[in-house]
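**Student:** Okay, handing you the structure first.
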Amino acid sequence: MNFKIHVIDVKNQLQNYIWLIEETESHDVVAIDPTEAHLVEDYCATHQLHLKQVWLTHWHKDHIGGVPELIASQQIPIYGPRAELSHIPFLTHPLQNDDHFKFHGLKIDIIAVPGHTLGHIVYFIDELDSVFCGDTLFAMGCGRMFEGTAEQFYHSLNRLAALPPRTKVYCTHEYTLSNAKFALHIEPKNLAIQQRAEDIQNMRDLGKITLPSTIELELETNPFLRVESADEFARIRALKDNF
Ligand SMILES: [Zn+2]
């Protein structure tokens with residue numbers, strides 16, 4: 001089996017990306033956090049892909065918004081956090097921490113990462129060296145702490161930090177440039193952050209996507225992975241909220 005990852009730039013105010021995983025023989029695809037149905041349908045039609053599964057990381061509108069329309073015309077299994085069923089009533093495959101399932105032989109591991117929302121989950125795929133992490137870990141940043149506590153969020157980020165360093169980080173939003181500015185504010189003398197901030201600026205000047213990142217790169221340049229306690233995490237998360 002061979003797999004290819006595609007991205008749809010939603011070009012909305014929140015700068016969402018919809019990631020797709022294609023099995024390249026069958027052209028079957030999974031769509032992750034489909035903001036809008038028509039973008040996924042148009043992309044699949046253009047590239048002759050068949051939408052077979054939808055994976056959701058958490059209940060926020062910009063992540064699940066396209067699902068009702070996608071399932072109006074066809075039956076598609078919808079995977080997502082069991083803990084958020086009350087917000088996502090159309091889930092057909094509720095998932096929790098340590099659950100596993102398969103897509104064309106590919107094994108997907110579920111890791112629960114409360115913090116941004118209480119039920120937030122990520123999809124880790126060892127065989128693809130990839131994690132689809134929604135709004136928990138961002139390139140050089142992390143999601144806002146809407147529902148969880150600092151202890152929960154800190155623990156969740158530690159779980160992601162413990163994934164193999166080569167793991168590619170597919171998060172949902174193009175927030176890297178503003179995250180880089182904040183990272184420089186927190187660690188102005190960090191050479192890796194300085195270099196990456198420059199790289200990110202250049203990529204954005206050229207209109208390029210700054211994702212995926214890697215766990216290794218995040219460990220070096222993401223202030224939220226570089227804190228050593230939940231208290232320290234809470235402190236810089238609050239700073240970032242008002243940055
Ligand atoms: Zn969110």
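**Student:** Taking A183 as the residue in question, decide whether it is of a type outside the set (V, I, T) and surrounded by 22 or more Cβ atoms within 10 Å (Cβ to Cβ). Walk me through it before giving the result.
**Tutor:** Values: of a type outside the set (V, I, T): yes; surrounded by 22 or more Cβ atoms within 10 Å (Cβ to Cβ): yes.
When the stated conditions are applied, A183 passes them.
**Student:** Now, a different point. Of (1) within 16 Å of the ligand (Cβ to nearest atom); (2) surrounded by 15 or more Cβ atoms within 10 Å (Cβ to Cβ); (3) closer than 27 Å to R196 by Cβ, P114 satisfies all except one. Which?
**Tutor:** For P114, the failing item is (3).
**Student:** Within region 88-131, how many residues are of a type outside the set (V, I, T) and more than 16 Å from W59 (Cβ to Cβ)? Lay out the reasoning, then the answer.
**Tutor:** Step one: list which residues in region 88-131 are of a type outside the set (V, I, T), which gives 89-91, 93-107, 109, 112, 114-116, 118-120, 123-124, 126-130.
Restricting the remaining residues to those that are more than 16 Å from W59 (Cβ to Cβ) gives 97-107, 109, 124, 126-130.
The total comes to 18.
**Student:** Next up: Can we say E23 is buried (at least 21 other Cβ atoms within 10 Å of the Cβ) and in contact with a Phe, Trp or Tyr (Cβ under 7 Å, 6 or more places away or on another chain)? Give the derivation first.
**Tutor:** Working: buried (at least 21 other Cβ atoms within 10 Å of the Cβ): no; in contact with a Phe, Trp or Tyr (Cβ under 7 Å, 6 or more places away or on another chain): yes.
No, not satisfied.
**Student:** A follow-up question, please. Does G119 fit the bill of being under 21 Å from K52 (Cβ atoms), within 16 Å of the ligand (Cβ to nearest atom) and of a type outside the set (A, V, I, L, M)? Break it down stepwise before answering.
**Tutor:** Numbers: under 21 Å from K52 (Cβ atoms): no; within 16 Å of the ligand (Cβ to nearest atom): yes; of a type outside the set (A, V, I, L, M): yes.
Spelling it out, it is not the case that G119 is under 21 Å from K52 (Cβ atoms), within 16 Å of the ligand (Cβ to nearest atom) and of a type outside the set (A, V, I, L, M).
**Student:** To continue, here is another question. Of all the residues that make up region 164-180, how many are crowded, with 21+ Cβ neighbours inside 10 Å, of a type outside the set (V, I, T) and either more than 16 Å from the ligand (Cβ to nearest atom) or at pLDDT below 95 (or both)?
**Tutor:** 1
**Student:** Among the residues of region 88-104, write down those that are outside any loop (DSSP other than H, G, I, E, B), buried (at least 16 other Cβ atoms within 10 Å of the Cβ) and either touching a Pro at 6+ places or on another chain (Cβ under 9 Å) or without any contact (Cβ under 8 Å) to a residue 60 or more places away in the chain (or both).
**Tutor:** Of region 88-104, the ones outside any loop (DSSP other than H, G, I, E, B) are 93-95, 100-103.
Applying the additional criterion that residues be buried (at least 16 other Cβ atoms within 10 Å of the Cβ) yields 94-95, 101, 103.
Scanning region 88-104 gives P94, L95, F101.
**Student:** Related question: What number goes with the only condition from (1) within 16 Å of the ligand (Cβ to nearest atom); (2) basic (K, R); (3) surrounded by 17 or more Cβ atoms within 10 Å (Cβ to Cβ) that R196 does not pass?
**Tutor:** Unmet condition: (1).
**Student:** Which of the residues spanning region 46-89 are away from the ligand (no atom under 15 Å from the Cβ), more than 16 Å from L20 (Cβ to Cβ) and in contact with a helix residue (DSSP H, G or I) (Cβ under 6 Å, 6 or more places away or on another chain)?
**Tutor:** E69
**Student:** Could you identify the single residue in R235, R166 that is basic (K, R), out of contact with any strand residue (DSSP E or B) (no Cβ under 6 Å at 6 or more places or on another chain), in contact (Cβ under 8 Å) with a residue 24 or more places away in the chain and under 29 Å from W59 (Cα atoms)? Full working, then the answer.
**Tutor:** Working: R235 fails: in contact (Cβ under 8 Å) with a residue 24 or more places away in the chain.
After applying the criteria, what remains is R166.
**Student:** Residues in region 224-243 that are within 22 Å of the chain's Cα centre (by Cα) and surrounded by 13 or more Cβ atoms within 10 Å (Cβ to Cβ): how many?
**Tutor:** Number satisfying all stated conditions: 10.
**Student:** Looking at region 173-206 only, could you name the residues that are more than 21 Å from L14 (Cβ to Cβ) and assigned to a loop (DSSP other than H, G, I, E, B)?
**Tutor:** E187, P188, K189, N190, L206
**Student:** Could you tell me how many of the residues in region 1-52 are polar (S, T, N, Q) and under 22 Å from Q75 (Cα atoms)? If you could, list the steps in order and put the result at the bottom.
**Tutor:** The first filter runs over region 1-52 and keeps only residues polar (S, T, N, Q), leaving 2, 12-13, 15-16, 24, 26, 35, 46, 48.
When the remaining residues are screened for being under 22 Å from Q75 (Cα atoms), the result is 24, 26, 35, 46, 48.
Number satisfying all stated conditions: 5.
**Student:** Return yes when E151 is touching a Phe, Trp or Tyr at 6+ places or on another chain (Cβ under 9 Å), buried (at least 16 other Cβ atoms within 10 Å of the Cβ) and among the acidic types (D, E) and no when it is not.
**Tutor:** Criteria not met by E151.
**Student:** Moving to a separate point now. May I ask you to list the residues in region 20-45 that are over 22 Å from V131 (Cβ atoms) and within 16 Å of the ligand (Cβ to nearest atom)?
**Tutor:** Within region 20-45, E36 is the sole residue that qualifies.
**Student:** Select from region 139-157 the residues that are hydrophobic (A, V, I, L, M, F, W, C), touching a residue at least 60 places away in the same chain (Cβ under 8 Å) and within 16 Å of the ligand (Cβ to nearest atom) and list them in ascending order.
**Tutor:** Step one: filter region 139-157 for residues hydrophobic (A, V, I, L, M, F, W, C), giving 139-140, 142, 145-146, 150, 153, 157.
Applying the additional criterion that residues be touching a residue at least 60 places away in the same chain (Cβ under 8 Å) yields 139-140, 142, 145, 150, 153, 157.
Listed by number, the residues that qualify are A139, C142, M145, F153, L157.
The values are calculated or read from the model by the stated rules, or taken from the named source; none is laboratory data. Just so it is clear, the structure is predicted and the values come from calculations on it, not from any experiment. Backbone-built Cβ (ideal geometry, glycine too); neighbour counts: all protein chains shown.
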